[in-house]
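The values are calculated or read from the model by the stated rules, or taken from the named source; none is laboratory data. All of these numbers come straight from a predicted model, not from anything done at the bench. Because the Cβ atoms are built from the backbone with ideal geometry, glycine has one as well, and the counts that use them run over all protein chains shown.
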Amino acid sequence: MAAVELILLQRVEKLGQMGDIVKVKPGFARNFLLPQKKALRATTENRSYFDNQKAQLEAQNLRRKEEAERVAERVAGLSVVVIRQAGESGSLYGSVSNRDIAEACTASGLTVDRSQVVLNHPIKTLGLSQVRVVLHPEVTLAVTVNVARSAEEAERQTRGESVGAAAEREEAPTAEALFDPGAGDQPDVP
């Protein structure tokens, strides 16, 4: 299949900046870039339209970027708690998805869509994880996701304490600690 030429209307990660003319696969153009209004087909009419509208598009982009930067400064260091059921080893029954993180962020005061949450891999264990939230194509925010079985466990994880099976093994007394070496040394009394 032949590549499709597009004019980018905003910065697209790993593709280009606003105004760049790029060649992409037809499916990427048809299913992602064009429906989300991130690009236009690079026809002669659209090129002249873009040249005429370039100043306005850049001004709109700059306003949105400044707004996203203000929001990022306001909620810098955001940490959200997601409560899930997990096994003894700390592995979850299921996983934490970008939808769960978006809902937790919204509950914490940062309204984001699930498409703005970037997960490199699904979260399948208890603990703290760093997740990127894209507020604008040029502004990202790091959010700490605390996955725990209960609010008390989440608080302990935040303080840096280990939880789960490993922590229970550390806290449980060992057989040597329970054994009293002097208990069997008393003589038998008839």
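Evaluation of Ala76 against the conditions (1) assigned to a helix (DSSP H, G or I); (2) surrounded by fewer than 15 Cβ atoms within 10 Å (Cβ to Cβ); (3) among the small types (Gly, Ala, Ser) shows that the sole unmet condition is (1). Pairs are defined by a Cβ separation below 6 Å, a sequence spacing of at least 6 or placement on different chains, a first member in segment 35-52 that is of a type in the set (Lys, Arg), and a second member that is assigned to a strand (DSSP E or B); the pairs so defined are Lys38/Val12. Residues in segment 96-113 that are farther than 17 Å from Gly77 by Cα and exposed (fewer than 14 other Cβ atoms within 10 Å of the Cβ) were compared, and the one that is nearest to the chain's Cα centre (by Cα) is Arg99. Give just the number: which of (1) without any contact (Cβ under 8 Å) to a residue 40 or more places away in the chain; (2) basic (Lys, Arg); (3) part of a helix (DSSP H, G or I) does Lys65 not satisfy? That leaves (1) as the condition not met.
Within segment 79-108, the only residue that satisfies the criterion of being part of a loop (DSSP other than H, G, I, E, B) and within 30 Å of Ala39 (Cβ to Cβ) is Ser97. Do we find that Glu45 is out of contact with any Asp or Glu (no Cβ under 7 Å at 6 or more places or on another chain), modelled with pLDDT of 90 or more, farther than 17 Å from Val4 by Cα and exposed (fewer than 13 other Cβ atoms within 10 Å of the Cβ) in this structure? For Glu45, the condition - out of contact with any Asp or Glu (no Cβ under 7 Å at 6 or more places or on another chain), modelled with pLDDT of 90 or more, farther than 17 Å from Val4 by Cα and exposed (fewer than 13 other Cβ atoms within 10 Å of the Cβ) - is not met. Considering each residue of segment 165-184 in turn, none proves to be within 14 Å of Val81 (Cβ to Cβ), at pLDDT below 90 and not assigned by TED's automatic domain parsing to the domain that holds Gln10.
Scanning segment 1-40 for residues that are in contact with a strand residue (DSSP E or B) (Cβ under 7 Å, 6 or more places away or on another chain) and farther than 24 Å from His136 by Cβ yields Ala3, Val4, Glu5, Lys23, Pro26.
Scanning segment 138-157 for residues that are out of contact with any helix residue (DSSP H, G or I) (no Cβ under 9 Å at 6 or more places or on another chain) and more than 17 Å from Lys124 (Cα to Cα) gives Ala142, Ala151, Glu152, Glu155. The set of residues in segment 9-30 being touching a residue at least 60 places away in the same chain (Cβ under 8 Å) and of a type in the set (Asp, Glu) consists of Glu13 alone.
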